[in-house]
Amino acid sequence: MTDVLIIGNGGAGLVAALSAREAGASVTVLGKSYPTRSQTCMAQGGINAALANVSDDSVEKHIEDTLRSAQGIASEKAVKSLCEEGIDALLWLDRLGVPFSRTETGQIAQRHLGGAYSPRACYAQDYTGLKVLHTLYDACNRAGITFLNERFLLNLITRDDEKGKREVLGATVLDIRSGEVEELRAKTVILATGGYSRLYHKHSTNAVGSTGDGIAAAVRAGARLSDMEFVQFHPTGLKNSAVLISESARGAGGYLLNAAGERFTDEKGTRDVVARAILEEINRGGAVTLDIRHLGEAFIEEELPQERKLAKLYEGIDPVHEPMPIRPVAHYTMGGIEVDCDSQTCVKGLYAAGECANHNVHGANRLGGNSLLELVVFGRQAGANAAEAALSGGRDVTAASEQAAKDRNFITGVKYFTNQIDFYQKREFMGNIFYNNAGMVRDDMGLKAVLGAVRQIQKELPFMGPRDKSKAYNTNLVEFIEFGNLVELAEIVLVSAISRVESRGAHFRSDAPQRKDEMFAAHTITWKEDGVLCADFVANKE
């Protein structure tokens, strides 16, 4: 047993681990892959902090930009906390050794990202997330934190306490290497498992593992989810591969060009506005490109080397000489597990941080540069609070549970599913209909058509399953369980999107194009009771 069990070994999980370890707790971090393969690596553009190293920026302006981008449903208190603590979070990373790019005077360099008042994003070339992640991982290893890699989360172990409140006792996981189901007990648990953008399959910048496993496990365990309909589409994914071209390319002065070679939108606008403008141009029958040729080869090699490599590798284009063909693709999920101001869920002892959690700071549209900031600020908070709760004692987490037995039976039984239907084909089909009907532009008819298809897939799951019956390293089995989690979350996303009959930020309804504050200035809350999905709108309590 450990004091703090952290599920998810990306940026948020590593930050939480360092924070909990510093507070004196024993810490175990598990992940279905390895830390250096996490989605944090894809945060290329930078991390916001109002250092004002290259401009007259301020914390107040950072707060204003974040709230404006959030479109009226972020918590002002939470946003204020995020932005005020951002400077200390950035300096903490600097002390850990993140190799930030520097100005000529030696200060941390900052660049302009969309929706920002001024240059605010601190960066390390265009490898910011990668370098942050590697620095955090090195720090965790120096701190002696225990890592259990290649462990796939199956379910959380819970019970109702003497007052009838749900509490977490640990988790069941599949050891991918051996094929065995393990039961891990902990005094507190932190979920840091990332988002669910792979709902859109090949229409996403995210790694294949961004399947919302922690969010699905949380709602099954009694946690509440919020704002699941809000999915951010990044304006500039490469056309054929959906590989991300960082917002830093536009922040540096890159142009968006239509088929006639004309600029058609403000490249530094918020992501929801720019993405829809690009989609509109594409739907008119023309391609859209991102042009950075005028920035010059020397600048591109110094500031945007990864973007050049990606364009060459995936599109066969050198952006020094040619514009890059692009299209908007699913990038970040604003919705997630509902948490309070201490990063705790409604399940006692269960905390969440990073993209899987909803701290009410992104609202309907995340401001570029705030994702890395969020995982540091709230990762530190979650780690400290989980450690304090674990070390204070008072909870017996060794009570008997049938969860492990149920999950072992599931792993055995799923291999005997009939395989009449290829779930890989269904996964691609679901991604396509989500992109077309539950993407940047939605309407009631399209959303309900996708919901009908998803519910049909739910019925068909027993006729799918892994064809590989082996035990060790059965990635076919893991991918099927991931697909099941996506199908579970797909229903929640669609019910939330159908319920919100307005347009707000990343949720744009062509049949209800106006924002309706009198009805929907609130969070969409979803939960399950006896396996039945429930939904409601709840206003901010500020």
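The values are calculated or read from the model by the stated rules, or taken from the named source; none is laboratory data. Keep in mind that what you see is a predicted model, and the values were worked out from it rather than measured. With ideal geometry, Cβ positions are generated from the backbone for all residues, glycine too; neighbour counts draw on all protein chains shown.
Odds and ends about this structure:
- Test: A287 is at pLDDT 95 or above and either more than 17 Å from G251 (Cβ to Cβ) or small (G, A, S) (or both): no
- Options L30, L96; residue that is buried (at least 19 other Cβ atoms within 10 Å of the Cβ), of a type outside the set (K, R) and under 23 Å from I7 (Cβ atoms): L30
- Which listed residue, of R185, R198, is basic (K, R), under 22 Å from S371 (Cα atoms), modelled with pLDDT of 95 or more and not assigned by TED's automatic domain parsing to the domain that holds G254: R198
- Across segment 38-80, the number of residues qualifying as among the polar types (S, T, N, Q), surrounded by 17 or more Cβ atoms within 10 Å (Cβ to Cβ) and more than 22 Å from G195 (Cα to Cα) comes to 1.
- Yes/no for E374 being under 20 Å from N155 (Cβ atoms) and not polar (S, T, N, Q): no
- Count of segment 464-480 residues which are surrounded by fewer than 21 Cβ atoms within 10 Å (Cβ to Cβ) and assigned to a helix (DSSP H, G or I): 4
- Filtering segment 232-254 to residues that are more than 22 Å from H112 (Cβ to Cβ) and either charged (D, E, K, R) or outside the structural domain of P319 (by TED's automatic domain parsing) (or both) leaves only K239.
- Within segment 247-275, tally of residues that are at negative phi and part of a loop (DSSP other than H, G, I, E, B): 14
- Residue within segment 519-540 that is surrounded by 21 or more Cβ atoms within 10 Å (Cβ to Cβ), at pLDDT 95 or above and more than 22 Å from the chain's Cα centre (by Cα) present: yes
- Hits in segment 20-64 - residues which are under 16 Å from N141 (Cβ atoms) and touching a Leu at 6+ places or on another chain (Cβ under 9 Å): V27, T28, V29, L30, G31, P35, T36, S38
- Residue that is touching a strand residue (DSSP E or B) at 6+ places or on another chain (Cβ under 8 Å), more than 30 Å from N474 (Cα to Cα), buried (at least 24 other Cβ atoms within 10 Å of the Cβ) and of a type in the set (A, V, I, L, M, F, W, C), where the choices are L391, L367: L367
- Listed by position, the strands (runs of 3 or more DSSP E) enclosed by segment 286-405 that each have at least 3 residues that are within 22 Å of E247 (Cβ to Cβ) are 288-291, 324-333.
- Of all residues in segment 265-290, those that are buried (at least 18 other Cβ atoms within 10 Å of the Cβ) and over 25 Å from F230 (Cβ atoms) total 1.
- The lone exception for V208 - which of (1) under 30 Å from V98 (Cβ atoms); (2) modelled with pLDDT of 95 or more; (3) out of contact with any Cys (no Cβ under 9 Å at 6 or more places or on another chain); (4) not in a strand (DSSP E or B) it fails: (2)
- Any hit, segment 502-522, residues being of a type outside the set (A, V, I, L, M) and under 19 Å from G214 (Cα atoms): no
- Meets criteria (of a type outside the set (D, E, K, R) and within 30 Å of R177 (Cβ to Cβ)) for L494: no
- Segment 177-201, subset over 20 Å from G354 (Cβ atoms) and in contact with a helix residue (DSSP H, G or I) (Cβ under 6 Å, 6 or more places away or on another chain), residue surrounded by the fewest Cβ atoms within 10 Å (Cβ to Cβ): E183
- Which numbered condition P235 misses (of (1) within 30 Å of S392 (Cα to Cα); (2) not in a helix (DSSP H, G or I)): (1)
- Selection of segment 44-73 for residues being more than 23 Å from I245 (Cα to Cα) and acidic (D, E) yields D56, D57, E60, E64.
- Of the residues in segment 10-23, not one is in a strand (DSSP E or B), out of contact with any Gly (no Cβ under 6 Å at 6 or more places or on another chain) and crowded, with 19+ Cβ neighbours inside 10 Å.
- Any hit, segment 106-119, residues being surrounded by 23 or more Cβ atoms within 10 Å (Cβ to Cβ), touching a strand residue (DSSP E or B) at 6+ places or on another chain (Cβ under 7 Å) and in a helix (DSSP H, G or I): no
- Any pair with Cβ under 7 angstrom, 6 or more apart, that starts in segment 241-254 at a residue that is within 17 Å of V273 (Cα to Cα) and ends at one that is surrounded by fewer than 23 Cβ atoms within 10 Å (Cβ to Cβ) and of a type in the set (K, R): R250/K268; G251/K268
- Test: residue in segment 438-459 that is more than 21 Å from A330 (Cβ to Cβ) and not in a helix (DSSP H, G or I): no
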